[in-house]
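Enquirer: A single structure is presented below for examination.
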Amino acid sequence: MVLNKDTNRSLQSNKLAAFWQFSRPHTIIGTSLSVWGVYAIALARSQSFALSQSLNTTSVLSILATWLACLCGNIYIVGLNQLEDVAIDKINKPDLPLASGEFSLATGKLIVIVTGILSLLLAGLQSPYLLGMVAISLIIGTAYSLPPIRLKRFPFWAALCIFTVRGAVVNLGLYLHFTSSFTIPATVWALTIFVIVFTVAIAIFKDIPDLEGDRQYQISTFTIALGQERVFNLARWIITICYVGMLVAAVFWLPSINSIFLISTHLGLLVLLWWRSFQVDLLDKIAIASFYQFIWKLFFLEYLIFPAACLLG
């Protein structure tokens, strides 16, 4: 009996780990930080900074429901992409649950259907803004992966899908949801523009480690069209433009934030980006994948640093 219990626990643990991988952890973290980061900016814009007044029981439940709706939408989008890319992932990402066989196609479809429905239901119970944000994200995510449209086949449209959702739809939609306001302040526009441009770098860089599988299955990407080195350098310069742009914005456009904090942190991250990029061997797939994860960490940090600068302003 003890052995059976231990076996069941092990199986359950393995299934949870597989589900975590299926959810694509770096996107889950990014989505989570965007929800809480935009909420922090909305809080900073409010007249009162007393957390005891702003974070009452109703608002806590509301933001948790918002977070869960966004997570479900995230899982739907990345899950659908994996369902359509099983053959490609067996080459590029063989450790993913569907590619490795740890999850069956039926299990993957069930997860995608359930999370898609849950995201819409939870968003609909919150506000029209959140429902619109989630619905638009799901539509774009579906068009990105699902035939016959399958926009991921085309580099421009694939990149447009990613930075539209991550940059514009999520940030603006969340702020409108949290504030029920028709006015978007400069701080939100600054973060939105930064994320849109930064996500362009993510969108073009993400295919560098997947060159072999994409080429075999005739998925056109910027990496195939331009080559690894050009795309690598292009992504690095795009991120550099993001940081320089935020430095300029901190001086001339965002008087309500803590400019010293914002400038010092972004200068430090810019130096770190270039130092880290010089260590990447483009012939080493592991090194490229590691740098891609580093870029995601920079993305995560922005949703911590920028809201902090707003709260400290």
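The numbers here are math on the coordinates, done by the rules we state, and not lab data. Since we're looking at a predicted model, the values are computed, not measured. Using ideal geometry, Cβ is built from the backbone for each residue, glycine included, and neighbour counts are taken over all protein chains shown.
Enquirer: Using a 10 Å cut-off around each Cβ, can you sort 205, 261 from fewest to most neighbouring Cβ atoms?
Expert: Final ranking by Cβ density, sparse to dense: 261, 205.
Enquirer: Taking the chain as a Gaussian network, Cα atoms linked when under 10 Å apart, which of 106, 186, 40 shows the biggest mean-square fluctuation?
Expert: The residue with the greatest mean-square fluctuation here is 106.
Enquirer: Efficiency by 1/(1 + (r/R0)^6): what FRET value for residue 233 and residue 136, r their Cβ-Cβ distance, R0 = 45 Å, to the nearest 0.05? The partial results should precede the final answer.
Expert: Numbers: r = 33 Å, r/R0 = 0.72.
Given R0 = 45 Å and the Cβ-Cβ separation, E is 0.90.
Enquirer: Would you mind pulling out the separation of the Cα centroids of region 102-148 and region 58-92, in Å?
Expert: 7 Å
Enquirer: To continue, here is another question. I'd like to know which of 201, 72, 100 lies farthest towards the positive end of the charge dipole of the chain, counting +1 on Cβ of Lys and Arg and -1 on Cβ of Asp and Glu.
Expert: 72
Enquirer: What translational D, rounded to a whole number of µm²/s, comes out for the chain from Stokes-Einstein when the hydrodynamic radius is the Kirkwood one over Cα pairs, at 4 °C and 1.567 mPa s?
Expert: 63 µm²/s
Enquirer: Relative contact order for the chain: what percent, with Cα pairs under 8 Å and sequence separation of 6 or more?
Expert: Relative contact order, the chain: 19 percent.
Enquirer: Explain nothing, just the number: dipole magnitude of region 185-313 about its Cα centre with +1 on each Lys and Arg Cβ and -1 on each Asp and Glu Cβ, in debye rounded to the nearest 20.
Expert: Approximately 200 debye in magnitude.
Enquirer: At 222 nm, what helix-only mean residue ellipticity would the chain give, in deg cm²/dmol to the nearest 500, using -39500 (n - 2.57) for each DSSP H run of four or more?
Expert: Details: 16 runs with 247 residues, N = 313.
Mean residue ellipticity, 222 nm, calculated: -26000 deg cm²/dmol.
Enquirer: Then there is this: Against the 2.2 N^0.38 Å scaling, with N counting residues, where does region 185-313 land? I'd like the Cα-based Rg ratio to two decimal places.
Expert: Numbers: Rg = 16.1 Å, N = 129, 2.2 N^0.38 = 13.9 Å.
Scaled against compact globular proteins, the figure is 1.15.
Enquirer: Could you tell me the number of lysine pairs in the chain with C-alpha atoms less than 16 Å from each other, where the two lysines are 8 or more residues apart or belong to different chains?
Expert: On the way: 5/15; 15/109; 90/285; 93/206; 93/285; 152/206; 206/285; 206/297.
Taking the chain as the scope, the lysine pair count is 8.
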